[in-house]
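First up is the structure itself, then whatever we jot down about it.
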Amino acid sequence: MNEQQTAHRIKQLLNKGLDLDAGTLARLETARKQALARQRIEAPSFVLGWADNVFGRLGGPTSIIPRMLLPMAVLILGLIAINQWRDSQTAAEIEEIDAAVLTGDLPLDAYLDKGFDAWLKRSSH
Amino acid sequence: MHPDRQKGSSLASPNELAEFLASVERRAYKQALFAVRDSENALDIVQDSMLKLAEKYGAKPLAELPMLFQRILQNTIRDFYRRQKVRSLWVTLFSSLSSGKEDDDADPLETLASADDSKPRDGPADRLEQSQLIEIIEFELRRLPARQRQAFLLRYWEELDVAETAAVMGCSEGSVKTHCSRAAHALAAALRARGIDL
């Protein structure tokens with residue numbers, strides 16, 4: 001008798017030895033039912049599967065707003081606010097300089113004179 | 001190849017998973033019992049394996065379930081061995097309560113007479129003979145080296161092919177063939193030594 005024949009005969013006998021006692025069968029049935037209660041069912045389509053994956057990673061559809069959209073909105077509003085503040089600061093500085101130039105005793109032509117510039121530098125030393 | 005694996009690659013429905021588990025649970029229990037030699041532990045191993053399969057791979061195609069389940073079952077048995085090893089190490093270190101030789105090593109023929117007393121005597125003689133033969137085969141299977149028994153049962157009882165058995169066992173296909181051949185020869189020799197011709 002070769003290996004295959006021996007194995008086949010042993011398999012037949014092992015199958016006949018599968019008559020288990022009622023207690024063991026009941027335990028196996030309970031285990032099977034518990035396992036089935038926890039079966040993981042995947043979404044049937046690719047799109048639903050992708051959506052499930054994304055929402056799943058984000059913790060579900062209800063938490064996508066606080067976890068992703070809200071920080072992005074805060075960031076964008078912050079950038080807009082910073083930009084406007086910088087614009088107003090620049091405008092204020094220009095206003096201040098303009099006011100100082102216009103209200104000063106020195107005529108405007110003096111600022112265009114290169115000699116006046118050189119005199120200012122010399123006198124500051 | 002099992003008929004379960006010829007049903008294509010459709011995802012397993014709850015009913016199909018239920019049918020699959022029902023079709024393998026007894027063999028799985030016996031496999032675990034051969035390995036760990038304790039029915040409570042064997043039941044726990046089967047239960048853990050079923051839970052892991054359903055939780056992690058419950059939505060896999062039906063055709064993939066047999067191999068996945070066998071892989072989970074063998075890993076769970078191996079985990080049990082590891083825990084046993086650690087436990088026995090602590091027991092050896094801190095306890096002197098050595099119980100000596102385990103009862104499981106006893107020859108089943110020695111207990112067959114008393115076991116048979118509880119069964120009705122009106123059954124045919126060949127049925128009694130067959131039940132004795134099954135007990136002897138199960139006993140000899142338990143005595144096989146773990147890897148040989150694992151390869152033999154996966155290959156010939158679970159009907160995995162050589163490549164699938166190798167994948168489950170984490171070894172080469174050549175090793176599977178060697179283990180199977182040695183197991184079959186060892187079983188045949190052991191049965192011949194008892195005067196049993198299959």
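The numbers here are math on the coordinates, done by the rules we state, and not lab data. Quick caveat, the model's predicted, so the values are computed rather than measured. All Cβ positions, even for glycine, are placed from backbone atoms using ideal geometry, and neighbour counts span all protein chains on display.
General observations
- Selected residue (criterion: farthest from the other protein chains (Cβ to nearest Cβ)) from residues of the stretch B:163-185 that are buried (at least 17 other Cβ atoms within 10 Å of the Cβ) and among the β-branched types (V, I, T): B:V168
- Test for B:L160: is it in a helix (DSSP H, G or I), among the hydrophobic types (A, V, I, L, M, F, W, C) and closer than 20 Å to A:H8 by Cβ: no
- Applying the condition of being touching a Pro at 6+ places or on another chain (Cβ under 8 Å) and within 12 Å of chain A (Cβ to nearest Cβ) to the stretch B:137-162 and asking which residue is nearest to B:A193 (Cα to Cα) yields B:F139.
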